[in-house]
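A short reminder: the numbers here are calculations on the coordinates, not readings from a lab. Fair warning: this is a prediction, and the values are worked out from it, not measured in the lab. Don't worry about glycine lacking a Cβ; one is built from the backbone with ideal geometry, like all the others, and counts go over all protein chains shown.
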Amino acid sequence: MKVLLVEDEPQVASFIKKGFEHEGYELTVGYDGSTGWSLYQQQPYDLVILDVNLPHLNGVELCRLIRAGRHRVPVLMLTALDSLADKEAGFEAGADDYLAKPFAFRELLLRARALTKRYAETGAPQLLRLADLELNLDSKIVTRAGRRIDLTTREYSLLEHLLLNQGRIVSRVDIAERVWEVDFDTTTNIIDVYIGYLRKKIDKGFEPKLIHTVVGMGYVMREQ
């Protein structure tokens, strides 16, 4: 089972990491919100644990990004702030559970197990949606208005990345690093070519158009 921990206190992160790995979990640590978001986009996780007070991007904002992508993953938030208002902010952002610091590792582990079990028992597929476009992360099937759309492996990866970042401008450099996993070559137009392929398959003949070009910046998926 893979766990993403985003925690800016090295001692706390080390304590949690050792505990989870002792229990047989694979745990990845990000020490600030931006790094956590980057790690989250690189692979699927079975559980995300977020500290609230993070540099660059706080835990509540990061939780909102995770939920905006419609990726179905349990989120547990950690914080030294134990007020009702802080808890409300976390739950409104989409968190599933909340644990105040300091805490016993055993309690964290029990909550983590309960959350992952609850998600597993629902059996619902993990879906990314925008308007009438739907991408099933389990079956890798893409549909629009109920019609199945066949994509190549690269087209699928590009669409998944855009949907995970829907509403946000994604640069060509980011696409190259996240989808092609290479340094961006400014002399090639391969990304623009694949964007064109996607548009023909998921936008042509449908309304509204979902893939938009932001001149000089990149691409964004949104309904308008």
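Across the chain, how large is the tail of the calculated P(r) beyond 30 Å, expressed as a percent of all Cα pairs?
30
So how much slack lies between Ala80 and Thr152, counting 0.36 nm per residue of separation and subtracting their Cα-Cα distance, in nm?
That works out to 21.3 nm of additional length.
Expressed as an acute angle from 0 to 90° and rounded to the nearest 10, what is the orientation of the C-alpha long axis of helix 105-122 relative to the principal long axis of the chain?
40
Return the aspartates and glutamates within reach of Lys101: Cα separation strictly under 14 angstrom, same-chain partners fewer than 8 residues apart disregarded; answer none if there are no such residues.
Glu7, Asp8, Glu9, Asp51, Asp82, Asp86
Just to check I understand the Karplus step: with θ = phi - 60° and J = 6.51 cos²θ - 1.76 cosθ + 1.60, what whole-Hz values come out for the range 76-81, glycine and proline as x?
My calculation for the range 76-81 gives 10, 9, 10, 7, 8, 8 Hz in order.
Which of the lysines could a cross-linker span from Lys2 if the Cα-Cα distance has to be under 21 Å and same-chain partners fewer than 8 positions apart are dropped?
List returned: Lys17, Lys18, Lys117, Lys140.
Let me know the shape class of the range 1-55, please: from the alpha-carbon gyration tensor, a ≥ b ≥ c as square roots of the eigenvalues, rounded when a/c is under 1.5, otherwise prolate if a/b is greater than b/c, or oblate.
oblate
Pop a pseudo-label 7 angstrom from the Cα along the beta-carbon direction at both Lys101 and Met1 and give the gap in nm to one decimal.
For Lys101 paired with Met1, the spin-label model returns 2.3 nm.
Among Trp180, Ile211, Leu158, which residue has its Cα furthest toward the positive end of the charge dipole of the range 134-224, with +1 on Lys/Arg Cβ and -1 on Asp/Glu Cβ?
Ile211
Separation of the range 101-179 and the range 36-56 by C-alpha centroid, Å?
Here the answer is 13 Å between Cα centres.
Quick one: which residues, 5 or more positions from Leu27 or on another chain, have an amide H under 5 Å from its amide H? H modelled 1.01 Å from N in the peptide plane, none for Pro or chain starts.
Val3
Compute the length gained on full extension between Lys140 and Gln43: take 0.36 nm times their separation in residues and subtract their Cα-Cα distance, giving the result in nm to one decimal.
That pair, Lys140 and Gln43, stretches by 33.5 nm at full extension.
Fully extended, how many nm does the chain gain between Asp203 and Ile190 (0.36 nm per residue separation, minus their Cα-Cα distance)?
Answer, rounded to one decimal: 2.8 nm.
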